[in-house]
1. Would you mind telling me which numbered condition in (1) open to solvent by less than 60 Å² (accessible area, probe 1.4 Å); (2) more than 9 Å from the chain's Cα centre (by Cα); (3) of a type in the set (V, I, T) I51 fails?
2. Here are the criteria: (1) touching a residue at least 40 places away in the same chain (Cβ under 8 Å); (2) open to solvent by 40 Å² or more (accessible area, probe 1.4 Å); (3) among the polar types (S, T, N, Q). Tell me which single one T20 does not satisfy.
3. I'm trying to understand the selection: among the residues of segment 37-48, which are basic (K, R) and either assigned to a helix (DSSP H, G or I) or open to solvent by less than 100 Å² (accessible area, probe 1.4 Å) (or both)?
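The values are calculated or read from the model by the stated rules, or taken from the named source; none is laboratory data. None of the values given here were measured: they were computed from a predicted structure. Here the Cβ is made from the backbone with ideal geometry for all residues, glycine too, and neighbour counts use every protein chain on show. Each accessible area value is taken on the protein alone, full model and side chains, heavy atoms only, with ligands, DNA and RNA left out. Shrake-Rupley method; radii C 1.70, N 1.55, O 1.52, S 1.80 Å.
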Amino acid sequence: MSKHLLTANAVCAEFGNVTTMTLWRWLRDQELAFPKPVVIRRRRYWNADDIHAFKQRMAATALRNRAA
């Protein structure tokens, strides 16, 4: 597990500068299974490896859907 944590703003930037409202929606979408953050003093941080794995999973799904 990576010890590198990403802030909400960094996660938004990773996905093309989506808004924090988009992160909120993704967290509540059970089917999407967006990684859960660690909360430290009311701030949210995501494990960088979890975000990377999520992006890989979404890219693989998109490629499979495009091929179908």
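1. (2)
2. All conditions pass for T20, except number (1).
3. First pass over segment 37-48, keeping only residues basic (K, R): 41-44.
Within segment 37-48, just R44 meets the criteria.
One line per residue, one yes/no per condition, for (1) touching a Phe, Trp or Tyr at 6+ places or on another chain (Cβ under 7 Å); (2) in a loop (DSSP other than H, G, I, E, B); (3) modelled with pLDDT under 95:
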site	(1), (2), (3)
Q30	no, yes, no
P35	yes, yes, no
A53	no, no, no
N65	no, no, yes
